[in-house]
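**Q** Below is the structure I would like to discuss, written out as structure tokens.
The values are calculated or read from the model by the stated rules, or taken from the named source; none is laboratory data. Since the model is a prediction, treat every value here as computed from it, not as a measurement. Every residue, glycine as well, gets a Cβ built from its backbone with ideal geometry; the counts of neighbours run over all protein chains shown. Accessible surface is based on the protein model in full, side chains and every heavy atom, while ligands, DNA and RNA are left aside. Shrake-Rupley method; radii C 1.70, N 1.55, O 1.52, S 1.80 Å.
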Amino acid sequence: MYTLSSPTTLKILEAKIVSQGHLYCSNSVKSVQFLPNTDATAARSGRRENLLIYGGSSGGVAAPERKPMSVAHMASSNVDETDDRVSRISSTIRVIPDFPKPGILFQDITTLLLDPKAFKDTIDLFVERYRDKNINVVAGIEARGFIFGPPIALAIGAKFVPMRKPKKLPGEVISEEYSLEYGTDTMEMHVGAVQPGERAVVVDDLIATGGTLNAAIRLLERVGVQVVECACVIELPELKGRDRLGNKPLFVLVSST
Amino acid sequence: MMLAAENGLRGDPRLKGISEAIRVVPNFPKPGIMFQDITALVSNHKVFKDTVDLFVDRYRDMGISVVAGVEARGFIFAPSIALGIGAKFIPLRKPGKLPGEVISEAYELEYGNDCLEMHVGAVEQGDRALVIDDLVATGGTLSAAISLLERVGAEVIECACVIGLPEVEGRRRLDGKPLYILVGPRQYNSII
């Protein structure tokens, strides 16, 4: 019988819309390119909602002290529904210590994929956010971005564009090099996959340092695509991936410290 | 090998659109290979949706509990099928990618061997499984996938691919499991 490592008890709040500056309390909130908040209360008050998910499970090793981030209450009739969905999603993520190397706590989404409701809810949360935003392109980063990107693309009427490691795409490609902890890697996209002026969302399972997402943004922008937002299931905020995205908004469901 | 057109979908206009959305890239990854590229297919929303719908329509009432997708292009199709029929999605991956405890199955390439891995505990005894990939050529990868699933007690009901190459030998190569294919290979037209 398959068992997950038991999650620590978590206080799950609301869905998190992460945008530049919100999580660093010492900074003033910067104005960002951001999708309009559909919550009528927020619109009337003129205040940007700042919601939080406090999620991710830890297992195996002594969990570092968790640092909850500031939260504003969202006055919406949908908050409970979102609450339940996100807490379930968060509880299905398995943490594998010391993978791929000692000291790393790997956030494993394969266990999320084994829970059809959690997987459906994950996709639904992204689809609800993007369906009325005229998104033409969902770009998914190999390989785990291929799991989440296509269902989102299909549901919102967008094309799916795979962003791949070198020499995987058979046709003519454009390439973008990006730095790793040691050395560099390259990401490729097919020439002609996207058109100038198209609006895109970039999808991956997780953002860590932001290197791969940033490479994907650059590839798309080089050919005239407007990258509206990056979307990930999980964020590791301590690795400051959001900073690496520059002025690009980031939407995540679960933040794991 | 069951071609969809011979299996109740003859004349289905969706199949024509799917076939025409495949791009042939000659001499990739090496001279003499006419590569069947599905990126143009998934870039066409209607055709991509039709592709997934065809599989979902076939499998939704077959009590399938697991959809296994082969890295990486199988990941583009399998999760949507899993979501459409309410099944678990299981990624079958190259070595070293899955973080937890795995079981491995080696299979032959034209030159040398490769290996497919699956997480221990992902599949339970009695699970009814599909294996999905974008294309089947020799069937070696699908055969390894079938082995992995059967080793942990799942029953592989069928393997399904968008494209099937003529060299697939059918049942012998796929351990007696049915193979369902939407379309044959697109021919390369150098005039285009």
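**Q** Could you work out the Kirkwood radius for the stretch A:127-252, taking every pair of different alpha carbons, averaging 1/r and inverting it, reported in Å?
**A** Working: mean 1/r = 0.0700 Å⁻¹.
Hydrodynamic radius (Kirkwood, Cα pairs) of the stretch A:127-252 is 14.3 Å.
**Q** Kindly identify the stretch A:80-194 as rounded, prolate or oblate by the Cα gyration tensor criterion: order the square roots of the eigenvalues as a ≥ b ≥ c, call it rounded if a/c is under 1.5, otherwise compare a/b with b/c, prolate if a/b is larger, else oblate.
**A** Values: a/c = 2.61, a/b = 1.16, b/c = 2.26.
It is oblate, given that a/c is not under 1.5 and a/b is not larger than b/c.
**Q** Can you list the residues, at least 5 places off or on another chain, whose amide H is less than 5 Å from the amide H of B:L135, using H built in the peptide plane?
**A** Distant-sequence amide H within range of B:L135: B:V162, B:I163.
**Q** Now for a different question. Solvent-accessible area per residue for chain B at a 1.4 Å probe radius, Å²?
**A** Value for chain B: 42 Å² per residue.
**Q** Can you give me the long-range amide H partners of A:F106? Hydrogens built in the peptide plane at 1.01 Å from N, cutoff under 5 Å, separation of 5 or more residues or another chain.
**A** Here A:I96, A:D98, A:F99 satisfy the definition.
**Q** Okay, moving on. Restricting everything to alpha-carbon atoms, can you work out Rg to Rh for the stretch A:171-228 with a Kirkwood hydrodynamic radius?
**A** Here Rg/Rh amounts to 0.97.
**Q** Tell me, what HN-Hα J-couplings in whole Hz come from the Karplus equation 6.51 cos²θ - 1.76 cosθ + 1.60 at θ = phi - 60° for each residue of the stretch B:83-99, using x for Gly and Pro?
**A** Each residue of the stretch B:83-99 in turn: 4, x, 10, x, 9, 6, 9, 10, x, 9, 10, 5, x, x, 8, 6, x Hz.
**Q** Bins of 5 Å, beginning at zero and ending with the bin holding the largest distance: percent of Cα pairs per bin for the stretch B:64-167, please.
**A** Final binned percentages: 2, 14, 25, 27, 20, 8, 2, 0.
**Q** Quote the total accessible area buried by chains A and B together, excluding ligands, DNA and RNA, probe 1.4 Å, nearest 100 Å².
**A** Roughly 2900 Å² of accessible surface disappears when A and B pair.
**Q** Further question: Could you tally the net charge around A:V223, taking each other residue with its Cβ under 15 Å from the Cβ of A:V223, Lys/Arg +1 and Asp/Glu -1?
**A** -1
**Q** Can you pull out the chymotrypsin sites (Phe, Trp or Tyr not before Pro) in the stretch A:157-211 whose DSSP state is coil and whose Cβ has at most 15 other Cβ atoms within 10 Å? Walk me through the intermediate numbers first.
**A** Numbers: sites: A:F160, A:Y178, A:Y182; in loops: A:Y182.
Answer in residue order: A:Y182.
**Q** Less than 14 Å Cβ to Cβ from B:A160, Lys/Arg counted +1 and Asp/Glu -1: what total charge do the surrounding residues give? Can you show the working numbers first?
**A** Values: positive: B:R58, B:R60, B:R73, B:R128, B:K177; negative: B:D53, B:D57, B:D133, B:D134, B:E158.
My count for the surroundings of B:A160 gives 0.
**Q** Could you derive backbone 3J(HN,Hα) for the stretch A:215-231 from the dihedral phi with the Karplus parameters 6.51, -1.76 and 1.60 (θ = phi - 60°), listing whole Hz in sequence and x where the residue is Gly or Pro?
**A** After applying 6.51 cos²θ - 1.76 cosθ + 1.60, I find 5, 5, 4, 5, 4, 5, 5, 4, 9, x, 7, 8, 7, 7, 6, 9, 10 Hz.
**Q** While we're here: How large, in percent, is the carbon and sulfur part of the accessible surface of the stretch A:136-257 at a probe radius of 1.4 Å?
**A** Carbon plus sulfur share of accessible area: 49 percent.
**Q** In 5 Å bins starting at zero, report the fraction of Cα pairs in the stretch B:1-122 per bin as a rounded %.
**A** Distribution as computed: 2, 9, 14, 17, 20, 17, 13, 6, 1, 0 percent.
**Q** A further question follows. For the stretch B:2-183, give me the percentage of DSSP beta bridges that are antiparallel, rounded to the nearest 5 percent. Before the final figure, lay out the partial values.
**A** Numbers: 12 of 35 bridges.
For the stretch B:2-183, the DSSP antiparallel bridge percentage is about 35.
**Q** So, one more: Please tell me which of these pairs span more than 31 angstrom C-alpha to C-alpha: A:K101/B:K30; A:K117/B:K16; A:K101/A:K133; A:K159/B:K16; A:K133/B:K94; A:K168/B:K16?
**A** Correct reply: A:K101/B:K30; A:K117/B:K16; A:K101/A:K133; A:K133/B:K94.
**Q** What list of ³J(HN,Hα) values in whole Hz, one per residue of the stretch B:111-125 in order, does the Karplus curve 6.51 cos²θ - 1.76 cosθ + 1.60 (θ = phi - 60°) give from phi, with Gly and Pro shown as x?
**A** Along the stretch B:111-125, the couplings run 10, x, 10, 9, 9, 10, 10, 9, 5, 4, x, 6, 10, 10, 3 Hz.
**Q** Within the set of other residues whose C-beta is less than 11 Å from the C-beta of A:I93, count the net charge using Lys and Arg as +1 and Asp and Glu as -1.
**A** Working: positive: A:R88, A:R94; negative: A:D108, A:D115, A:D205.
Surrounding charge for A:I93 is -1.
**Q** Something else about it: Could you put B:K177, B:K46 in order of accessible surface area, largest first, with the 1.4 Å probe and the full protein assembly present?
**A** Listed by decreasing accessible area, they come as B:K46, B:K177.
**Q** Where the centre of each part is set by its Cα atoms, how far does the stretch B:65-127 sit from the stretch A:179-214, in angstrom?
**A** The two parts, judged by their Cα centres, are 24 Å apart.
**Q** At q = 0.22, 0.26, 0.28 Å⁻¹, what is the log10 ratio I(q)/I(0) for the stretch A:97-164, with the Debye formula run over Cα points and no solvent?
**A** So the normalised log intensities are -0.94, -1.10, -1.17.
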